[in-house]
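A short write-up of the structure that comes next.
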Amino acid sequence: MQLFNEINARKIHGERNVFEGIFNNLIFCSIVFGTFIIQIIIVQFGGKPFSCVALSIDQWLWCTFLGFGSLLWGQVISTIPTSRLKFLKSAGHGTQKEEIPDEELDELEDNEEIDHAERELRRGQILWFRGLNRIQTQVTTRRRRRVPPSTTPKSHKPSPSIALPA
């Protein structure tokens, strides 16, 4: 499917023939050919490192058939005029603040609930700080191992760890 999606992505804005001028772009051809070869090698010989099992000819033909379906689907999508899809412009934008009644808006502002994006950001920051702290600890430990104990100054203190955000 990856190869067929690469071909489908060549033409946008309602252009129909995805194969037009396909061989004029040497970089695109080399990327598609490289992807094709690497996928075959990984699937047939990847084994445990790639969690793959070699496919039979029938399975390869089914993969090609299903991938070809994405080319057909791309043609179906390009036939739909964008004037009929104006309702999709508002999709995914959620409810605007002006559309929420004042009572519900007051309840939302009083609620100290953290939204999903903020929670993920904090989680990412915590993981980042933990990683930095581990690296710092490893560097300090390795430095201590290199210096013989008799030459270590008595006032040597380990560097402070990074504080996690509250």
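The values are calculated or read from the model by the stated rules, or taken from the named source; none is laboratory data. Please read these numbers as outputs of a predicted model, since none were measured by experiment. All Cβ positions, even for glycine, are placed from backbone atoms using ideal geometry, and neighbour counts span all protein chains on display. Side chains included, ligands, DNA and RNA excluded: accessible areas come from the protein's heavy atoms. Shrake-Rupley method; radii C 1.70, N 1.55, O 1.52, S 1.80 Å.
Within the option set Pro153, Pro165, being modelled with pLDDT under 60, open to solvent by less than 100 Å² (accessible area, probe 1.4 Å) and in contact with a helix residue (DSSP H, G or I) (Cβ under 8 Å, 6 or more places away or on another chain) holds for one residue only, Pro165. The set of residues in the stretch 24-47 that are open to solvent by 40 Å² or more (accessible area, probe 1.4 Å) and either of a type in the set (Asp, Glu) or not in a helix (DSSP H, G or I) (or both) contains only Asn25. Criterion applied to Gln75, Gln2 was being more than 24 Å from the chain's Cα centre (by Cα) and in contact (Cβ under 8 Å) with a residue 12 or more places away in the chain, and the one residue passing it is Gln75.
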